[in-house]
Amino acid sequence: MTQRWHDFWRGDIGEWIITRGLRVVMLLIAAVLAVRFVTWVAQQVTRQLDEGFAESDALVRSEATKHRQAVASVIQWVSIVVIAIWVIVQIGGVLQFSVGGLVAPAAVLGAALGFGAQQLVKDLLSGFFIIVEKQYGFGDLVELTVSGVATEARGTVVDVTLRVTRLRSSDGELFTIPNGQIVKTVNLSKDWARAVVDIPVSTSADLNRVNEVLHQECERALDNPLLGQLLLDAPTVMGVESIAVDTVTLRVVARTLPGKQFEAGRQLRVLVIRALARAGIVTAADATVGLVDDAAVPAAQVAEERADGAVQDAAQRR
């Protein structure tokens, strides 16, 4: 048995294992360790960015943090691809593949892949410009128009690579969109956002009184403990937006923190409706926020808010 074992390692198979097989195994191990290291570094960068945001007093991520997290994801993806290509080339050199015999098949295969890889190249180039131009980053609320799809994809960016963008919708759905198919990008959380609140009132209401109440409520909006944290400045009364048969719609707009326009709009709407109810001004029950397909305010909720205002007024009189 000792002689056979000695002859095996002295033979062609044993010599190939010692000279080439071990090198291939070492290359594969090195590639796995390199990929794990790159993934670990990317996770550490992401974790530090998340911890820095959690420990800060900011309600939203800064634009620099969003971009850095997106760049870290792209660098991780590119590094893994480069490591894989390098390992394949090194293994080919160790195994001494004959390139001459592969010229003709490679030409045919290259022509076939050339037509099929057009979309891939388009995705990579589009992803490159998305990252370089800082169109959006991790955590941004975006609305993407996708080629060939009638409805727009809307959600929070959870991952960005050179090839695809992944969005998480408000319903929890995960959209994976190739970057080359994105026709238009609408970033709803870039630097700042704007909440638009439309308030329909009855045509019989005194518009001067309505404007006075709205201006007073807008001046006090920054003092509200919940709404004041979301606003960048005091809301503005734009005046009459539209006139219908039995209602007049007035518009109030406010600059908010990035991605907080919907929450701020809902808070502002409740404050305005309560203020108008306390002033005895009749408002329609379906006041809506102009930037989101939000549910109408139920009549019962308006009645409850009016009752709360009446109770507070009675308490003040006492």
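Things to note:
- Filter result (over 26 Å from Val248 (Cβ atoms) and either free of Cβ contacts under 8 Å to residues at least 40 places away in the same chain or not assigned by TED's automatic domain parsing to the domain that holds Val253 (or both)) within the range 211-232: Leu222, Asp223, Pro225, Gly228
- Remark: Glu152 matches the filter, which requires a residue to be in contact with a strand residue (DSSP E or B) (Cβ under 9 Å, 6 or more places away or on another chain) and not hydrophobic (A, V, I, L, M, F, W, C).
- Residue check, Val45 within 24 Å of Phe129 (Cα to Cα), modelled with pLDDT of 70 or more, under 40 Å from the mean Cα position of the chain (by Cα) and surrounded by 12 or more Cβ atoms within 10 Å (Cβ to Cβ): yes
- All positions within the range 148-195 that are among the polar types (S, T, N, Q), surrounded by 13 or more Cβ atoms within 10 Å (Cβ to Cβ) and not in a strand (DSSP E or B): Thr161, Asn179, Gln181, Ser189
- Residue match in the range 174-185 (condition: modelled with pLDDT under 85 and farther than 15 Å from Arg251 by Cβ): no
- Checked across the range 22-41, the condition of being under 36 Å from the mean Cα position of the chain (by Cα), modelled with pLDDT under 80 and not assigned by TED's automatic domain parsing to the domain that holds Leu231 holds for no residue.
- Only one entry of Ser73, Ser56 meets the criterion of being closer than 30 Å to Val132 by Cβ, in contact with a strand residue (DSSP E or B) (Cβ under 7 Å, 6 or more places away or on another chain) and modelled with pLDDT under 85, and that entry is Ser73.
- Considering Gly290, Gly228, Gly239, the condition of being at pLDDT 80 or above and at negative phi is satisfied by Gly228 alone.
- Checked against the criteria, Thr145 does not count as β-branched (Val, Ile, Thr), part of a loop (DSSP other than H, G, I, E, B) and at pLDDT 70 or above.
The values are calculated or read from the model by the stated rules, or taken from the named source; none is laboratory data. Bear in mind that the values here come from a model prediction, so they are computed numbers and not experimental data. Using ideal geometry, Cβ is built from the backbone for each residue, glycine included, and neighbour counts are taken over all protein chains shown.
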